[in-house]
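Visitor: Sharing a structure, written as C-alpha cells. Questions coming.
The values are calculated or read from the model by the stated rules, or taken from the named source; none is laboratory data. Bear in mind the structure is a predicted one, so any value in this text is a computation, not a measurement. A quick note on method: Cβ atoms are made from the backbone with ideal geometry, for glycine too, and the neighbour counts reach across all protein chains shown. To get the accessible areas, we keep the full protein, side chains included, count just its heavy atoms, and leave off ligands, DNA and RNA. Shrake-Rupley method; radii C 1.70, N 1.55, O 1.52, S 1.80 Å.
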Number of protein chains: 2
Amino acid sequence: MTPEEFRRFGHEVVDWIADYSDRIREYPVLSRNRPGDLTRALPPSAPETGEPMEAILSDFRDLIVPAITHWNHPAFLGYFGISGSEPGILGEMLAAGLNVNGMLWKSSPAVTELEQVTLGWLRQWLGLPKDFFGVIYDTASTSTLHAVVAARQMAVAPEMARGNWEHLVLYCSEQAHSSVEKAAVTAGIGRCNVRTIAVDENFRLRPELLSSAIEDDLRAGMQPFCVVATVGTTAMASTDPVEQIADIAARHGIWLHVDAAYGGSAAILPEMAHVMNGCARAHSLVVNPHKWLLTPVDLSVFYTSRPDLLRRAFSLVPEYLRTGDGPEAINLMDYGFQLGRRFRALKLWFVMRNYGREGLAAIIRGHLDLAQEFAGWVKNDDRFELCAPVDFSLVCFRYRGTDADNQKLLDAINRSGAALLSHAVFGGRMVLRVAIGNYRTQREDLRRVWDCIGVLAGKLG
Amino acid sequence: MTPEEFRRFGHEVVDWIADYSDRIREYPVLSRNRPGDLTRALPPSAPETGEPMEAILSDFRDLIVPAITHWNHPAFLGYFGISGSEPGILGEMLAAGLNVNGMLWKSSPAVTELEQVTLGWLRQWLGLPKDFFGVIYDTASTSTLHAVVAARQMAVAPEMARGNWEHLVLYCSEQAHSSVEKAAVTAGIGRCNVRTIAVDENFRLRPELLSSAIEDDLRAGMQPFCVVATVGTTAMASTDPVEQIADIAARHGIWLHVDAAYGGSAAILPEMAHVMNGCARAHSLVVNPHKWLLTPVDLSVFYTSRPDLLRRAFSLVPEYLRTGDGPEAINLMDYGFQLGRRFRALKLWFVMRNYGREGLAAIIRGHLDLAQEFAGWVKNDDRFELCAPVDFSLVCFRYRGTDADNQKLLDAINRSGAALLSHAVFGGRMVLRVAIGNYRTQREDLRRVWDCIGVLAGKLG
C-alpha cells in the first residue's frame, strides 16, 4: 500500500469510527450472531493473492460489525462498562504507526520514559507514595501474576528457590477476581494453597477470619506469603478493609497486593480518595486505566514498592540484549516475564492531557451519580430489590422472584439489543448487574434501560 | 471530543503516519536522546484541566518522535527487524475504535471466531496439523509461559499438584531465548532445574547431549517434563534438529514446545517449508506474526495439540462470567491466565487478505535474498568474517579485530543514525547482527549500510 493509499483508507477508517461513535445507539448492544455464524461466512483458507482493501473494509462492515458486542454502546452495562475515548484512539493509532518495541530503554527511549512519567502522574492522582514504581502490563491478570511472583521471591530466599512452593499459602476474599487464583496456579502455587476468606454482609473480606486462617496455617507448618485485597470487587464492587489487612500482612511479613483494577480510578476524585485508604502500605497494587480512565484496551498499571524483587526474578539479560546506557536508562523488560512491550503509555498520556484530572473526574463523578439514581429507581419499585451497597458505579439488584425469573429477565433484556447486563450470584441467589463505565452513558440512556426492564418484568408474571 | 473533532484529528494523525512512512529514511534510526531527556522535557504532574489536542499532537511531534528509535526505518537491522504494515495499522485503528474485550464468545463473537479463522488459515500456510488449536497472546514470552504451564499440567496429575515442582526439569539449548528461562521461573520451576544443552558448530542443540542430560536426570530421580526447541534462534537464527528432539521427547513422554517466533513465518514459502520439519510432532509451537508477517505489535500465535491441558489449568469460571452459549461458543479466557483479550485478530486478517500468501512470501523471500547478498559482501571483504550460516534473513559477522574494535564499530554505526545493528557473543567473541525484517528494506538501503560499515571500519585501524 502506498502512503497515498494509506492516507485514503486511513481517512475512510477514521470516518467510519467517527460515524460509528455518532450512531452507536442504533446498534444492538449484544451481537445477534449465533455461534459459528461468522466462521461460516468466511472462507476456509486465506487468499493466495492479495485482495483490495475496499473488499476487506466492506467485509469488515458487513460481517465483522454484526459479530461485535458493542462495549461502546451507552447501554453496555455488563461486566464493567469501559470507554475507549477519542484521544486514546488517536494515541493507539500513532502507537501502531510507530510500531516500536520498548523492551530496552534504547530500543525506544520514549516508551520507557513516557511510561514512567505518566505512571508518576497517575500515582499522584491516586495519592500513592512516591516510592511506588510503576510499570504497564497488558491486563490486571498479568499485573496480579507479577505480584504473586514477587511475593514468592520475597518469601523464599533465592538460594532456597528450587521449585518447591508446597508450603506457601495465598489468601484472598471469596469475592476476589478469578485472576488471583489463575495467577497462583500459573506461578506454581498449588490450587489447594489458595485460601478464600469469607466476607461480611457487605461482601468485604473479614479480617478476623484472615488472621485465624493465617494462624491455622502457621500452626500447620505452612508459610503464608501473600494476601490480595480488593478495591471494587468484580461481582458487587465491595472494598476490603485494606488498613486492617495491611496490619495483618505487616504483622506476619506477608506481601500485600491490592487489586484496584476497577475501583482504584475513583480515587482521582477528592471525595473518593478514601477508597485508597491503606493502599500506601501495599507491596503492590493494580489499577486499570482501560477500565475507568477512558483508555482503550489494553493498559493495566502495576505499582510496587519492591521493584527490586521483580528485577531479581526477571532480570536475565542475555548478551544480545545488553546495553551500556547507564543507570538512568532502565530497561522495562527486567520487570516482567514479557520481553516485547508496545507503546501503551502514549494513549494514556493523550487521555490524561486531553481530559485533565478535572475532565476525567467529572466523568467518573457522573457515573457515580447515575448509579445512585438507578439504585433509587430500583428502591422505588416494589418488584425489585437492591442487593449490595452502591459504593461505585455498579448497581446490583434483583427481581423479587425466582432465579429462573431473573434469568429470563436478563436473557430478555440482552436479547432485545437495548442493553447488556450481566449477572452474579450472592448467597446462592442470582443478581443482575448494571455497571456504568461508558462516558457516553447519560441519564436518558439509563432511564430507557430501566423502563425496558420494567416492561419485561411485567411480562414475567 | 466530538465525532467531528475526532474526524479532523484522526485525519491529521493518519496524514502524519503517511508522511512519516514516506519520509522514514530522513530520521536517524537510533534516537539521539540521552537518558532522562524526555522526562525532563515533560511536566512533573498531569494537567488539572484538559489541554487542546493541537498542543498534545505538537508535543508528540516535538518531544516524543525524537525519543523514538525507528523500528520502521529500512536500516533498522537490530534484534529482529519488523514491519507494521499499512493494512495492519488500519486493522489496529478499527480495533481501537471498537474497543471490545473478547474474554467470552458472547462478549464479542467476532474476536473469538476471527481469531480461530485466521489462525486456521495461518496453520495451513505453515503446514501444521489440523488438530493444532490456535490462540493469540501478546508476546512469545507469554506463549512460552503457557507452554510451560501446560507441560507441567501434563507431567503432574491434578490431584498431585500441590505446588512442589522440585523434581521437574526443563531443557533447551544454550541458545534458546531468555523468555524460556523467564517462563520457567514464572511458572515456579526452579532456575536450577532449567538445563541448557550445548550446541554444535552451527549453533544447533546437540540431541545426544539432550538424551544424556535426560537420562542423568532420570537416574537422579528427577522428572524431565519439557523441552524447548527453537526454529530461528535470537542470536544467530539457528534451527534445532526438531525431528530428533521430537523422537527424544516422545521416548520420554515429555512436552515438546517449539519456539518458532521468528523463523516460523518463513515456512509460508514452499522452499522454506522444511524449517517446520518435525514441528507437527510438537505439543505446542509459537510463531509471531508481529515479527515477520507484517503485523503491528503485539500479536503472538500459540498452537497446541493439547488445548485440553490449557483448559484444565485455566478454566476457572466464576459465576459472573458464566454463559450458556453451548459448545460451539468457546471462551478464549479458558485458555490462558489473561482474562482481557483485545481484538488482535483483526489486524492479522487485514494483513493476510491484503497481501495474500504470495504477497507476504514475496517480501520474506526478498529478505532472504538480501541476507544472502549482504553475506556475500561480507565474504568478499577481507576485513570481515561471516560467523554463522545464513539460513534466514539474519547475517552474523565480525570485523577481524578485537571485541573492542567491534564494539567501537557497532557504537559508531548506531550513533551515526544511518543504521541500527545489534550484537551477540558466540564462543566468547563479539559478533554484529544484521537482521532484515522490514518490508521497506531495499538493496540500496543495505548497500548504504554496508558502505557505511566499511568507512567506519577504515577508521578503526
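Visitor: Looking at B:GLY50 and the list (1) under 31 Å from the mean Cα position of the chain (by Cα); (2) assigned to a loop (DSSP other than H, G, I, E, B), which single condition is not satisfied?
Guide: Result: B:GLY50 fails condition (1) only.
Visitor: Applying the selection to the range A:232-260, what residues are over 26 Å from A:SER422 (Cβ atoms), assigned to a loop (DSSP other than H, G, I, E, B) and of a type in the set (Gly, Ala, Ser)?
Guide: Answer for the range A:232-260, where residues must be over 26 Å from A:SER422 (Cβ atoms), assigned to a loop (DSSP other than H, G, I, E, B) and of a type in the set (Gly, Ala, Ser): just A:GLY253.
Visitor: Would you confirm, using the coordinates I've provided, whether B:ARG25 is in contact (Cβ under 8 Å) with a residue 24 or more places away in the chain and either closer than 26 Å to A:GLU5 by Cα or surrounded by 20 or more Cβ atoms within 10 Å (Cβ to Cβ) (or both)?
Guide: For B:ARG25, the condition - in contact (Cβ under 8 Å) with a residue 24 or more places away in the chain and either closer than 26 Å to A:GLU5 by Cα or surrounded by 20 or more Cβ atoms within 10 Å (Cβ to Cβ) (or both) - is met.
Visitor: Go through (1) more than 22 Å from B:GLY340 (Cβ to Cβ); (2) among the β-branched types (Val, Ile, Thr); (3) open to solvent by 10 Å² or more (accessible area, probe 1.4 Å) and name the single condition A:ILE254 misses.
Guide: Among (1) more than 22 Å from B:GLY340 (Cβ to Cβ); (2) among the β-branched types (Val, Ile, Thr); (3) open to solvent by 10 Å² or more (accessible area, probe 1.4 Å), A:ILE254 violates only (3).
Visitor: Condition first: basic (Lys, Arg) and at the interface with chain A (Cβ under 8 Å from one of its Cβ atoms). Can you find one or more residues in the range B:152-159 that meet it?
Guide: To start, the set of residues in the range B:152-159 that are basic (Lys, Arg) comprises B:152.
Checking the rest, the ones that are also at the interface with chain A (Cβ under 8 Å from one of its Cβ atoms) come to B:152.
Yes; the residues of the range B:152-159 include at least one that is basic (Lys, Arg) and at the interface with chain A (Cβ under 8 Å from one of its Cβ atoms).
Visitor: Please state which of the following conditions A:ALA280 fails to meet, knowing it meets all the rest: (1) over 17 Å from A:LEU394 (Cα atoms); (2) open to solvent by less than 10 Å² (accessible area, probe 1.4 Å).
Guide: Checking A:ALA280 against (1) over 17 Å from A:LEU394 (Cα atoms); (2) open to solvent by less than 10 Å² (accessible area, probe 1.4 Å), the one that fails is (2).
Visitor: What number of residues in the range A:323-346 are among the basic types (Lys, Arg) and facing chain B (nearest Cβ under 7 Å)?
Guide: 1
Visitor: Restricting attention to the range A:347-390, which residues are farther than 27 Å from A:ASP240 by Cβ, surrounded by 20 or more Cβ atoms within 10 Å (Cβ to Cβ) and within 13 Å of another protein chain (Cβ to nearest Cβ)?
Guide: Listed by number, the residues that qualify are A:LYS347, A:TRP349, A:PHE350, A:VAL351, A:MET352, A:ARG353, A:ASN354, A:TYR355, A:GLY359.
Visitor: Out of everything in the range A:46-65 that is at the interface with chain B (Cβ under 7 Å from one of its Cβ atoms) and surrounded by 12 or more Cβ atoms within 10 Å (Cβ to Cβ), what residue ends up being farthest from B:ALA110 (Cα to Cα)?
Guide: Among them, the one singled out is A:GLY50.
Visitor: I would also like to ask the following. What is the residue count in the range B:218-242 for residues that are under 30 Å from A:HIS146 (Cβ atoms), within 14 Å of chain A (Cβ to nearest Cβ) and buried (at least 20 other Cβ atoms within 10 Å of the Cβ)?
Guide: 8
Visitor: Scanning for something at the interface with another protein chain (Cβ under 7 Å from one of its Cβ atoms) and over 15 Å from B:ARG344 (Cβ atoms), does the range B:87-103 turn up at least one residue? Reasoning before the result, please.
Guide: So the first thing to find is which residues in the range B:87-103 are at the interface with another protein chain (Cβ under 7 Å from one of its Cβ atoms), and the list is B:87, B:89-90, B:92-94, B:96-101.
Remaining after also requiring over 15 Å from B:ARG344 (Cβ atoms): none.
There is no residue in the range B:87-103 that is at the interface with another protein chain (Cβ under 7 Å from one of its Cβ atoms) and over 15 Å from B:ARG344 (Cβ atoms).
Visitor: Continuing with the same structure: Determine whether the range A:312-332 contains at least one residue that is in contact with a Phe, Trp or Tyr (Cβ under 7 Å, 6 or more places away or on another chain), closer than 30 Å to A:GLN244 by Cβ and assigned to a loop (DSSP other than H, G, I, E, B).
Guide: No, the range A:312-332 contains no residue that is in contact with a Phe, Trp or Tyr (Cβ under 7 Å, 6 or more places away or on another chain), closer than 30 Å to A:GLN244 by Cβ and assigned to a loop (DSSP other than H, G, I, E, B).
Visitor: Can you confirm whether the range B:3-17 contains a residue that is at the interface with another protein chain (Cβ under 7 Å from one of its Cβ atoms), in contact with a Gly (Cβ under 7 Å, 6 or more places away or on another chain) and of a type outside the set (Asp, Glu)? Let's see the steps before the verdict.
Guide: Taking the range B:3-17 first, the residues at the interface with another protein chain (Cβ under 7 Å from one of its Cβ atoms) are B:3, B:6-7, B:9-11, B:13-15, B:17.
So of that shortlist, the ones also in contact with a Gly (Cβ under 7 Å, 6 or more places away or on another chain) come out as B:14, B:17.
Then keep just the ones that are of a type outside the set (Asp, Glu); that gives B:14, B:17.
Yes - at least one qualifying residue is present in the range B:3-17.
Visitor: If you take the residues in the range B:28-41 that are surrounded by 20 or more Cβ atoms within 10 Å (Cβ to Cβ) and of a type outside the set (S, T, N, Q), which one is farthest from the other protein chains (Cβ to nearest Cβ)?
Guide: Kept after step one, since they are surrounded by 20 or more Cβ atoms within 10 Å (Cβ to Cβ), are these residues of the range B:28-41: B:29-31, B:33, B:38.
Add one more test, that the residue is of a type outside the set (S, T, N, Q), and what stays is B:29-30, B:38.
Values: B:VAL29: 11, B:LEU30: 7, B:LEU38: 4 Å.
Ranking the candidates gives B:VAL29 first.
Visitor: Identify all residues within the range A:336-372 that are acidic (Asp, Glu) and either assigned to a loop (DSSP other than H, G, I, E, B) or touching an Asp or Glu at 6+ places or on another chain (Cβ under 8 Å) (or both); write none if there are none.
Guide: If the condition is that a residue be acidic (Asp, Glu) and either assigned to a loop (DSSP other than H, G, I, E, B) or touching an Asp or Glu at 6+ places or on another chain (Cβ under 8 Å) (or both), then A:GLU358 is the only one that fits.
Visitor: List pairs: first in the range B:129-141 and within 7 Å of chain A (Cβ to nearest Cβ), second assigned to a loop (DSSP other than H, G, I, E, B), Cβ under 6 Å, 6+ apart or cross-chain?
Guide: B:ASP138/A:ASP138; B:ASP138/B:ASP298; B:THR139/A:GLN338; B:THR139/A:GLY340; B:THR139/B:ASP298; B:SER141/A:PHE337; B:SER141/A:GLN338; B:SER141/A:LEU339
Here is a yes/no grid of residues against (1) at pLDDT below 95; (2) open to solvent by 30 Å² or more (accessible area, probe 1.4 Å); (3) under 26 Å from A:GLU86 (Cα atoms); (4) in a loop (DSSP other than H, G, I, E, B):
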| position | (1), (2), (3), (4) |
| --- | --- |
| A:ASP411 | no, yes, no, no |
| A:ARG415 | no, yes, no, no |
| A:VAL449 | no, no, yes, no |
| A:GLY454 | no, no, no, no |
| A:LEU460 | yes, yes, no, yes |
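Visitor: Sticking with this structure for a sec: Yes or no: the range B:185-198 includes at least one residue that is more than 14 Å from every other protein chain (Cβ to nearest Cβ) and touching a helix residue (DSSP H, G or I) at 6+ places or on another chain (Cβ under 6 Å).
Guide: yes
Visitor: For the list (1) within 7 Å of chain B (Cβ to nearest Cβ); (2) over 18 Å from B:ASN101 (Cα atoms), I need the number of the one condition that A:ILE68 fails.
Guide: So A:ILE68 meets the others, but not (2).
Visitor: Using the structure shown, decide if A:SER393 is open to solvent by less than 10 Å² (accessible area, probe 1.4 Å) and among the small types (Gly, Ala, Ser).
Guide: yes
Visitor: Here is a further query. Check whether at least one residue in the range A:294-306 is open to solvent by 10 Å² or more (accessible area, probe 1.4 Å), of a type in the set (Gly, Ala, Ser) and in contact (Cβ under 8 Å) with a residue 12 or more places away in the chain, and report yes or no.
Guide: yes
Visitor: Pull up the range B:263-273, narrow it to residues that are open to solvent by 10 Å² or more (accessible area, probe 1.4 Å) and within 20 Å of the chain's Cα centre (by Cα), then point me to the one that is nearest to B:GLY81 (Cα to Cα).
Guide: Result: B:MET272.
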